[in-house]
1. Within the stretch 39-108, considering only strands (runs of 3 or more DSSP E) that don't extend past its boundaries, which have at least 2 residues that are in the same structural domain as residue 14 (by TED's automatic domain parsing) and within 27 Å of residue 24 (Cα to Cα)?
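The values are calculated or read from the model by the stated rules, or taken from the named source; none is laboratory data. This one's a predicted model, so the numbers in the text were calculated from it and none came from an experiment. Positions of Cβ are generated from backbone atoms using ideal geometry, with glycine treated the same way; all protein chains shown enter the neighbour counts.
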């Protein structure tokens, strides 16, 4: 029994076929599955996360195959590698020029739109072809949780002081 099930055809197939062929890669169900995983949930997954997601629909896919597929997709311009400090490499299917916001608390990565020219003065004669910008901080959910936690702590401290003054 063949457990390498073919994924459902997608509207992205023609682009995927064309890009792979242009760079000398064969179209395979495994490459399609990895591409579909990246497109389906655009959360900048690591190779391990791609592997786990791909394995749900293609149980016999190996980690090595996922790495090879990701390398092919990057080389074909269908995904880009995102490396943030010492963390695992992540993969982004958004090929428009953009930056990344890394939440230091929940460790999620978000796309950030930037102007076509980020406003960085280059030395004379240098020509920028692309840029990699990573912004670090707190995402809205983590910033709100942090603010609410601080308020709770302040309220608790006020209650303790009030109780001590009453006694």
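1. Result: 80-82, 90-92.
Per-residue answers, yes or no, for (1) surrounded by 10 or more Cβ atoms within 10 Å (Cβ to Cβ); (2) at pLDDT 75 or above:
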residue: 104; (1), (2): yes, yes
residue: 118; (1), (2): yes, no
residue: 122; (1), (2): no, yes
residue: 145; (1), (2): yes, yes
